[in-house]
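Chemist: Please read through the structure below; I'll follow up with questions.
The values are calculated or read from the model by the stated rules, or taken from the named source; none is laboratory data. A quick note: this is a predicted structure, and the numbers were derived from the prediction, not measured. Reconstructed Cβ throughout: ideal geometry from the backbone, glycine too, with neighbour counts over all protein chains shown.
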Amino acid sequence: MTDSTNGGPTTGPRPLALNRNAVALTADPQLLDRACSYTAGILDGEGTISVHRRPEKIHRAPVLQIRVVNTNPLLAQWLVHWWGGSVSLRRSKNPRHKDVYQWGLWSRQAEALLRLCAPSMVIKGEQAALALAIRDLVVSRNQAPSDAAIIKMAALNADLKVLNARGRCA
């Protein structure tokens, strides 16, 4: 079967654009579904979903960030293999504590991953929904959002920060 627009073979629908080198762009839907389910569990247990806005860059889109912090380097390597992103190592100053690996994914790649994994999230589904709602208000990466959109983004981000707050639940 060929694609009528360029004469090349059709490969079927692909998931949202993540890292172009990521294995997630596979044509095997079962494998992709398993990876999304596993990643949703990781994000539920070890992940953080946040949105940041730099005040000096008011005209820019807010930055969606996903982080997973864990002491096992294999988890960070698995996440990079599937979804891209980057890993940093935080060495412990206390010899009784393990070093910590922090995997991160930002902006459009983080948005694409959340859109794939949010339906499988149990604990952080509300954070994912708020972060995606903020991203849905973005018109363009370099276009200034409207005043109404900025107000809505701020309110959604305040709700997200409450959900992400440390300490005991109220």
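Chemist: State whether one or more residues within the stretch 110-117 are out of contact with any helix residue (DSSP H, G or I) (no Cβ under 7 Å at 6 or more places or on another chain), more than 18 Å from LYS161 (Cα to Cα) and touching a residue at least 12 places away in the same chain (Cβ under 8 Å). Before you say what the answer is, go through the steps one by one.
Modeler: Going through the stretch 110-117, the residues out of contact with any helix residue (DSSP H, G or I) (no Cβ under 7 Å at 6 or more places or on another chain) turn out to be 110, 112.
Next, only the ones that are more than 18 Å from LYS161 (Cα to Cα) stay: 112.
Within this subset, residues satisfying the condition of being touching a residue at least 12 places away in the same chain (Cβ under 8 Å) are 112.
Checking the stretch 110-117: at least one residue is out of contact with any helix residue (DSSP H, G or I) (no Cβ under 7 Å at 6 or more places or on another chain), more than 18 Å from LYS161 (Cα to Cα) and touching a residue at least 12 places away in the same chain (Cβ under 8 Å).
Chemist: Another one. Any idea which residue in the stretch 19-75 is modelled with the highest pLDDT, counting only those that are assigned to a helix (DSSP H, G or I) and touching a Pro at 6+ places or on another chain (Cβ under 7 Å)?
Modeler: As a first pass, look at the stretch 19-75 and keep what is assigned to a helix (DSSP H, G or I): 23-25, 29-46, 55-57, 73-75.
From what's left, touching a Pro at 6+ places or on another chain (Cβ under 7 Å): 24-25, 32.
Values: ALA24: 46, LEU25: 54, LEU32: 83.
Among residues in the stretch 19-75 that are assigned to a helix (DSSP H, G or I) and touching a Pro at 6+ places or on another chain (Cβ under 7 Å), the one modelled with the highest pLDDT is LEU32.
Chemist: Looking at SER120 and the list (1) modelled with pLDDT of 90 or more; (2) farther than 16 Å from GLU46 by Cα, which single condition is not satisfied?
Modeler: (2)
Chemist: Go through the stretch 81-94 and give me each residue that's buried (at least 18 other Cβ atoms within 10 Å of the Cβ) and of a type outside the set (Gly, Ala, Ser).
Modeler: Those that are buried (at least 18 other Cβ atoms within 10 Å of the Cβ) and of a type outside the set (Gly, Ala, Ser): TRP82, TRP83.
Chemist: Please count how many residues of the stretch 120-149 are in contact with a helix residue (DSSP H, G or I) (Cβ under 7 Å, 6 or more places away or on another chain), assigned to a loop (DSSP other than H, G, I, E, B) and among the basic types (Lys, Arg).
Modeler: 1
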